[in-house]
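The values are calculated or read from the model by the stated rules, or taken from the named source; none is laboratory data. Just so it is clear, the model here is predicted, and its values are computed rather than measured. A quick note on method: Cβ atoms are made from the backbone with ideal geometry, for glycine too, and the neighbour counts reach across all protein chains shown. For the accessible areas, the whole protein counts, side chains as well, though only heavy atoms, and no ligand, DNA or RNA atoms are used. Shrake-Rupley method; radii C 1.70, N 1.55, O 1.52, S 1.80 Å.
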Amino acid sequence: MATFPQWLPWALLSAVFAALTAIFAKLGLQDIDSDLAMLLRTAIIVVVTAMFVAGTGKWTNPLQLPAPTLGWLALSALATGASWLCYFRALQRGPAAQVAPVDKLSVVLVALFAVAFLHERLAWREWLGVAMIAGGVLLMAIKR
């Protein structure tokens, strides 16, 4: 019998919040430049996350972390920022119901990158899922 993965509830919540992000952002981008909107969003995230980390007693000095850890986290932050800038610009210019699925092409890219760079292995069933996601993105993004 398969066990229930501990990560699954968090991943499902992530999907719900990502969906709400698209809807709320699209609504919030009506009267503001997308880059300024992203800056405001990021500032709010920093404040809320800092309060959460401090409130749960998880704060440690980041300068005491190993240099490779800081480097990878810095690269992740830069990639996140670039993704958000592009996402907000796309949302401001296009319909959320088309922009969000194209953004989720990242799922396909993560699978490819994980195989190429992290040496993860996907079974045929997982590759089928990746292909179906790619097909779904095309169906959602291409207008008749």
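The table that follows gives values for the structure above.
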read-out	value
Among the candidates Ala90, Ala43, residue that is at pLDDT 95 or above and open to solvent by less than 100 Å² (accessible area, probe 1.4 Å)	Ala43
Subset tally (residues that are touching a helix residue (DSSP H, G or I) at 6+ places or on another chain (Cβ under 9 Å) and farther than 28 Å from Leu29 by Cβ) for the range 39-59	2
Neighbours by Cβ (under 9 Å, 6+ apart or cross-chain): first from the range 67-82, assigned to a helix (DSSP H, G or I); second open to solvent by 60 Å² or more (accessible area, probe 1.4 Å)	Leu70/Leu63; Leu73/Leu65
Boolean, Leu63 is within 17 Å of Tyr87 (Cβ to Cβ), without any contact (Cβ under 8 Å) to a residue 40 or more places away in the chain and assigned to a helix (DSSP H, G or I)	no
Any hit, the range 28-46, residues being more than 20 Å from the chain's Cα centre (by Cα) and over 27 Å from Ala141 (Cβ atoms)	no
Qualifying residue in the range 95-104 (condition: within 22 Å of Leu40 (Cα to Cα), free of Cβ contacts under 8 Å to residues at least 12 places away in the same chain and not in a helix (DSSP H, G or I))	yes
Flag for Leu70 being hydrophobic (A, V, I, L, M, F, W, C), within 23 Å of Leu29 (Cα to Cα) and open to solvent by less than 80 Å² (accessible area, probe 1.4 Å)	no
Residue check for Phe88: in contact (Cβ under 8 Å) with a residue 60 or more places away in the chain and not aliphatic (A, V, I, L, M)	yes
Matching residues in the range 113-127 - criterion: being exposed (fewer than 12 other Cβ atoms within 10 Å of the Cβ) and part of a helix (DSSP H, G or I)	Ala116, Phe117, Trp124, Arg125
Residue in the range 1-40 that is modelled with the lowest pLDDT, counting only those that are of a type in the set (Val, Ile, Thr) and open to solvent by 50 Å² or more (accessible area, probe 1.4 Å)	Thr3
